[in-house]
Amino acid sequence: MITSAAFMAFMLVGVPIGLCLCLAGLVYIAASGNPVLFQSYPLQLFGGVDSYGLIAIPLFILIGEIMNGGGITRRIVDMAMAFVGSFKGGLAYVNILANMFISSILGSATAQVAIMAQIMVPEMEKKGYDKTFAAGLTAYGGMLGPIIPPSVMFVVYSVLAQVSVGDMLIAGIVPGVILTVMFCLVIALMGYVYNYPRADYQTPRQRIMTILRTSPTLLIPIVIVGTILGGLANATESAAVGAVAAALVGKFWTKEFEFSQLPQMMLRSAIYSAIVLFLVAAAAVFSWVLIFGKVPQETAAWIQTAAKDPVSFMLICNVILLVIGTVIDGIPGLIMTVPILLPVATDVYHIDPRHFGVVVVINLVLGLLSPPVGLCFFVAAAVTGAKPGKMFMVTLPFFVIACVLLVLLSLYPSLSLILVK
Amino acid sequence: QAKEFRLGLITPNGHSWNKAALKFGDDLKAATSGRLTVSVFHSGQLGNEPAMMQQLQSGALDMGFIQAAELGSRVPHIAAINAPYIVRSTPAVAKFVRHPAAVKLFEVLPQETGTIGLGWGITGMRAVFSSKDLNTLADIRGMKLRINPTPVYRDFYSSLGAAPTPIPTPQVFDAMANGQVDGLEADLEFSWNQRFDKVSKVILQMNAVFMPMAAVVSGRVWQSLPAADRELITKTIRSTLDVQIDELAGNEPALIENFKNAPIPIRQVDAKDTEAVIAEFDKIWLPKAPVLAELRKVGATL
Amino acid sequence: MPATRAFSVRRFIVRASSALLAVERLALMGLMYLLTGLILVNVVTRYSHFPIYWIDESAVYCVVWLTFIGASAMTRLRLDFAVTMLTERLSPQHQKLAKVISTGLVVVFGAALIVTCVLWMDPVGLARAGFDGRKLAAETFNFLYTEHTQTLNWPTWILYLTLPIFAVSMTIHGLANLLEDLGLVPRVTPKGFQLSELDGVN
Ligand code: NA
Ligand code: NA
């Protein structure tokens, strides 16, 4: 009790969330009358990140850095434009499709929104789209980043839940593709209602030339998947191979990547990884303390009185996670909820931990797109100058359709498990 | 006076060690009319085994089921129990870990690790699952083999000519499926749960090594308990582990039957192939753990 | 005289923090190169049937060190997830107060972590035991200095050193930030980091 009160107080006064977790852990030990736990405290912090699966995080982030520095992202957008026809709402589809492509390389929603908003929003504005809508749509496109593999959130989840990183990444594919299709349907509907502008006409020859010219970007996902299927590497190691592929494509094909940029890219990747990884370490300490205080066990007993079957449990989880997601961002949210909810899900309701992970991640990512702390909207706003609140309102249909996906997933776990062995 | 013990282990819910832990709690509670109780923290909720050891040493954690690999990496004397071909079947393992010679290994624990060993629990004999055909020990030469990274196993499989490859447990199935490794070694219970037969061409029953677990108590906590309670706890844990050992050994024929029904062959290592391997292994390990000689003698009688 | 001493303490903290940050910057780059290199070497050697046994473990510890060094650096760079829901609605004066409290808590955490590290690593006990880890273990049940990692076979305490280092550097960076927040020293922008606040990670 005093632990949660302390945690809330630290958070509201503006202490970084990782430190809130660490400090609340110290408060718990001090209040527990078991000071011998102080001796275990540093080792628990260490143990939280002493895990093979987490190696993937710096490597995925490095790929993103190299792709950006190498001008590869821009070419993927060009490719999506060549694929989409010149029909109503063309650029809106391009936005979602390019986001889906890039999601297959980038692991993070906010990074993706920052990159894509710079490219897509001016383009869409030029064609006559409302800036707020364009920025909001890009934010939803970025939501695919953590769902379609690779995904830093899935890596963190798989470490928390002790399931295979590879399984988690695969489990996100079908829901990610369904979400893309659903977003396209919403665009079709909204394009009809609001009369969206048509995309530029390109001759079939132009389209083919663009696709040919931009196709080397596909080398990066091909190399990543190829090294895994070919038995050269696991999901983690493939990220390092992918980074090399991105560097080579950037150096020899787009010619925008220079090896002299590499030290700064390495530095940035290290620092952004540390932001995530320190949260994981802090969460390890915090959940250790919670477990010592038997909080998950008590929460489990409480939830069991409310939910009689797996479906009602999943629906309750959706509501809880969406509410948490509105105030807390993706990875911290993951770290705070998974240690409590997952044991209940697997032990009491016999829900597959991988399916549960997909639902939790989508919920929390949706939180990045809801007020008051919708980080993706803030990022899109910062890049484009649109208003976050208004952005949420004009893109409400996308929020609704994402909630529909969550209900579907709660009813049909096979959607996430179909590709997993 | 009343006390609630915290018992930590790394295996997930449903594992036979977890059932034993829960049963131990129930039995202890019944025997003391609720005065002594046990909360079980499974799946490494309190940390991995090194972290649990640290908590046992400081007295934050009362009890733990700790694998011989973890204890053996600290104390070569304990690692001797992981040596190959001390015994050659799971029923023999079941007898061996209850033999006074195996229990006597715990004598070094207080001084070397700050914990008290009360008894052994077991998993079955480990087998090699391979994606290329294997008939004899000699065929293991040149294989990239995923092993449990304990020094004893490393020396054993290296002496067979394999290239030991550490792969984190959750990724073993994938590593086999996509060919990062040519084979893996594991106990049959775990292998059946993971369905390693689906990514293998052959199973070779090595009948060489097994991975027992020690039920340990924090030395600090132990010192604080009255003698009568120590005796009761020891008695209760031993009887619980007896049940675990007998059940695990009793279940093995059914498990082997499962694998025989799988479409891949399950083969045995010929006993006469093993003498040179034992000699080579003992050359490294007898100086580190002289107790090995005695364990071999005892094992041979079972 | 006291005024100049106070000033020199301030200057010392800010300088120490800057020097630390410069070292951390190099260490982070180095660890990231090392991590990428280790993983690539692992792929190549395993593929050519000569897997190197200790690479996985080295890569894991590389990431652990990267985490704590990075966490220290990002404290000074003021890059972190924090909830601003309440504080952004406060008056500028109260905002400043909240900022001082939250930065103060960073220092509190750093100091507390130093204390827990001392309890855990027991440097005094170790010195008393003549820097003999086994003797310390026999006397105090603290086996920290007798343990080795599984595949590298390094003494684990060397790897654990990242925590006391983190505790100290966190405290120094926290103090430097606090001095800035209190307006006692001018705010400086750290050099050599081309970061953008937009590149949050999720
Ligand atoms: Na992605
Ligand atoms: Na939100």
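Before moving on, here are some points about what is shown:
Every residue, every condition in (1) of a type outside the set (Phe, Trp, Tyr); (2) part of a helix (DSSP H, G or I); (3) touching a Ser or Thr at 6+ places or on another chain (Cβ under 8 Å), yes or no:
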site	(1), (2), (3)
A:Thr346	yes, yes, no
A:His350	yes, no, no
A:Gly357	yes, yes, yes
A:Val360	yes, yes, yes
A:Ala380	yes, yes, yes
A:Val383	yes, yes, no
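- Among the criteria (1) open to solvent by less than 60 Å² (accessible area, probe 1.4 Å); (2) within 12 Å of another protein chain (Cβ to nearest Cβ); (3) within 17 Å of the chain's Cα centre (by Cα), the one A:Phe378 does not fulfil is (1).
- Screening A:Cys184 with (1) assigned to a helix (DSSP H, G or I); (2) surrounded by 24 or more Cβ atoms within 10 Å (Cβ to Cβ) gives one miss only, at (2).
- Evaluation of A:Ser164 against (1) open to solvent by 50 Å² or more (accessible area, probe 1.4 Å); (2) within 30 Å of A:Ser287 (Cβ to Cβ); (3) hydroxyl-bearing (Ser, Thr, Tyr) (one fails), failing number: (1)
- The lone criterion from (1) assigned to a helix (DSSP H, G or I); (2) at pLDDT 85 or above; (3) within 16 Å of ligand 2 (Cβ to nearest atom) left unmet by A:Leu408 is number (3).
- Search result, residues across the stretch A:375-392 that are of a type in the set (A, V, I, L, M) and farther than 16 Å from A:Gly145 by Cβ: A:Ala381, A:Ala382, A:Ala386, A:Met391
So that you can scan it fast, the table gives a plain yes or no per residue for (1) in contact with a Leu (Cβ under 6 Å, 6 or more places away or on another chain); (2) over 17 Å from A:Leu59 (Cα atoms):
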position: C:Arg11; (1), (2): no, yes
position: C:Val14; (1), (2): no, yes
position: C:Tyr33; (1), (2): no, no
position: C:Val41; (1), (2): no, no
position: C:Ala59; (1), (2): yes, no
position: C:Leu66; (1), (2): yes, no
position: C:Thr75; (1), (2): no, yes
position: C:Thr87; (1), (2): no, yes
position: C:Ser102; (1), (2): no, yes
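- Those residues of the stretch C:116-133 which are more than 18 Å from B:Ser58 (Cβ to Cβ) and within 10 Å of chain A (Cβ to nearest Cβ), in sequence order: none
- Of all residues in the stretch B:1-30 being small (Gly, Ala, Ser) and part of a helix (DSSP H, G or I), the one that is most open to solvent (accessible area, probe 1.4 Å): B:Ala30
- Unmet criterion (only one of (1) under 29 Å from B:Ala175 (Cβ atoms); (2) in contact (Cβ under 8 Å) with a residue 24 or more places away in the chain; (3) hydroxyl-bearing (Ser, Thr, Tyr)) for C:Tyr47: (2)
- The residues of the stretch B:35-47 that are part of a loop (DSSP other than H, G, I, E, B) and modelled with pLDDT of 95 or more amount to a single one, B:Arg35.
- A single member of A:Ile76, A:Ile17, A:Ile61 is within 16 Å of ligand 2 (Cβ to nearest atom) and either of a type in the set (A, V, I, L, M) or at pLDDT 85 or above (or both), and it is A:Ile17.
- Matching residues, the stretch B:74-101, being in contact (Cβ under 8 Å) with a residue 60 or more places away in the chain, surrounded by fewer than 22 Cβ atoms within 10 Å (Cβ to Cβ) and assigned to a helix (DSSP H, G or I): B:Pro76, B:His77, B:Pro91, B:Ala92, B:Lys95, B:Ala101
- Per-region count, the stretch C:7-47, residues among the small types (Gly, Ala, Ser) and within 11 Å of chain A (Cβ to nearest Cβ): 3
- For the stretch A:88-109, the set of residues classified as within 15 Å of ligand 1 (Cβ to nearest atom), open to solvent by 10 Å² or more (accessible area, probe 1.4 Å) and not in a loop (DSSP other than H, G, I, E, B) consists of A:Leu97, A:Met100, A:Phe101, listed by residue number.
- Restricting the stretch A:309-346 to residues that are within 16 Å of ligand 2 (Cβ to nearest atom) and without any contact (Cβ under 8 Å) to a residue 40 or more places away in the chain, the residue that is nearest to the other protein chains (Cβ to nearest Cβ) is A:Gly333.
- With respect to being within 16 Å of ligand 2 (Cβ to nearest atom), open to solvent by less than 10 Å² (accessible area, probe 1.4 Å) and closer than 15 Å to A:Tyr140 by Cβ, A:Val113 fits the description.
- Number of the exception - C:Ala82 against (1) facing another protein chain (nearest Cβ under 10 Å); (2) more than 22 Å from C:Leu163 (Cα to Cα); (3) over 19 Å from the mean Cα position of the chain (by Cα): (3)
- When the stretch A:381-404 is filtered for residues that are within 18 Å of the chain's Cα centre (by Cα) and either within 14 Å of ligand 2 (Cβ to nearest atom) or surrounded by fewer than 21 Cβ atoms within 10 Å (Cβ to Cβ) (or both), the ones remaining, listed by number, are A:Phe399, A:Ile401, A:Ala402, A:Cys403.
- Verdict on A:Gln112 being polar (S, T, N, Q), within 28 Å of A:Pro263 (Cβ to Cβ), within 14 Å of chain C (Cβ to nearest Cβ) and away from ligand 1 (no atom under 16 Å from the Cβ): no
- The residues of the stretch A:1-24 that are facing another protein chain (nearest Cβ under 10 Å), crowded, with 20+ Cβ neighbours inside 10 Å and either of a type in the set (A, V, I, L, M) or assigned to a helix (DSSP H, G or I) (or both), listed by number, are A:Phe10, A:Met11, A:Val13, A:Val15, A:Ile17, A:Gly18, A:Leu19, A:Cys20, A:Cys22, A:Leu23.
- For A:Gly85, the conditions (1) in contact (Cβ under 8 Å) with a residue 12 or more places away in the chain; (2) assigned to a helix (DSSP H, G or I) are fulfilled apart from (2).
Yes or no, residue by residue, for (1) crowded, with 23+ Cβ neighbours inside 10 Å; (2) small (Gly, Ala, Ser); (3) farther than 23 Å from B:Lys283 by Cβ:
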| residue | (1), (2), (3) |
| --- | --- |
| B:Ile147 | yes, no, no |
| B:Asp155 | no, no, no |
| B:Thr165 | yes, no, yes |
| B:Gln180 | yes, no, yes |
| B:Arg195 | no, no, yes |
| B:Leu204 | yes, no, yes |
| B:Ala208 | yes, yes, no |
| B:Ala214 | yes, yes, yes |
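- Condition broken by B:Arg267, with the remaining ones in (1) open to solvent by less than 20 Å² (accessible area, probe 1.4 Å); (2) not in a helix (DSSP H, G or I) satisfied: (1)
- Subset of the stretch B:152-178 [more than 14 Å from chain A (Cβ to nearest Cβ) and in a loop (DSSP other than H, G, I, E, B)]: B:Leu160, B:Gly161, B:Ala162
- Of everything listed in (1) within 27 Å of A:Ile222 (Cβ to Cβ); (2) within 14 Å of chain C (Cβ to nearest Cβ); (3) away from ligand 1 (no atom under 16 Å from the Cβ), the single unmet condition for A:Phe83 is (2).
- Set C:Leu113, C:Leu77: member being under 17 Å from C:Phe166 (Cα atoms), at the interface with chain A (Cβ under 9 Å from one of its Cβ atoms) and crowded, with 22+ Cβ neighbours inside 10 Å: C:Leu113
The values are calculated or read from the model by the stated rules, or taken from the named source; none is laboratory data. None of the values given here were measured: they were computed from a predicted structure. Virtual Cβ from ideal backbone geometry, glycine too; neighbours counted across all protein chains shown. Side chains are part of the model used for accessible areas, which takes the heavy atoms of the whole protein and leaves out ligands, DNA and RNA. Shrake-Rupley method; radii C 1.70, N 1.55, O 1.52, S 1.80 Å.
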